[in-house]
1. Roughly speaking, what is the stretch gain from ASP29 to ASP105, that is 0.36 nm per residue apart minus the C-alpha to C-alpha distance, in nm to one decimal?
2. When the Karplus curve 6.51 cos²θ - 1.76 cosθ + 1.60 is applied with θ = phi - 60°, which whole-Hz ³J(HN,Hα) does each residue of the range 102-107 get, with x for Gly and Pro?
3. For GLN92, enumerate residues with amide H under 5 Å from its amide H, sequence gap 5+ or separate chain, H modeled in the peptide plane.
4. Starting from the amide H of ASP68, placed 1.01 Å from N in the peptide plane, find each other amide H under 5 Å away whose residue is 5 or more places distant or on another chain.
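Since every read-out is calculated from the coordinates, none of them should be taken as a lab result. These figures come from a predicted structure and were not determined experimentally.
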Amino acid sequence: LILSAMPSVLDGTVSLTAAPAAASSTSSDGSFDGVWELELETPPKGSKQMQLTLATVDGQLSGTVQADGESNAILEPAIEGTTLRFKVPVAQPMPLTLLFEGVIDADSISGTANVGASISLKFSGTRN
């Protein structure tokens, strides 16, 4: 993934706060499965279109994110009620990891993608 509009305050050192392991699960009943068209707000240059594909195999959730001609597997997917969390590695403009957290309501999702404690980008989307 390439996020060319990331704020210049990023210096390549990224720390993420992970969701508590005891409060979430990678197991899934398949209700989040499908292809999701996401729009990630990347101020000040607008937004980035992304496609999130989620699938449940043997009760375990996995998926990929596609953007800018690249596809990356999501890392550490977790479900808590209607909240979905996962990480996505980003290669450009520098290596970092985005922590997505969104609430799913039927075929809609909205939430934030965080880089460390200081940068939070809004995202929203719909399932095809």
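1. Numbers: separation 76, 0.36 × 76 = 27.36 nm, distance 1.55 nm.
Separation in residues times 0.36 nm, less the Cα-Cα distance, equals 25.8 nm.
2. With coefficients 6.51, -1.76 and 1.60, one gets x, 9, 9, 10, 6, 10 Hz.
3. Residues meeting the amide H criterion: LEU3.
4. Those lying under 5 Å, H to H, from ASP68: there are none.
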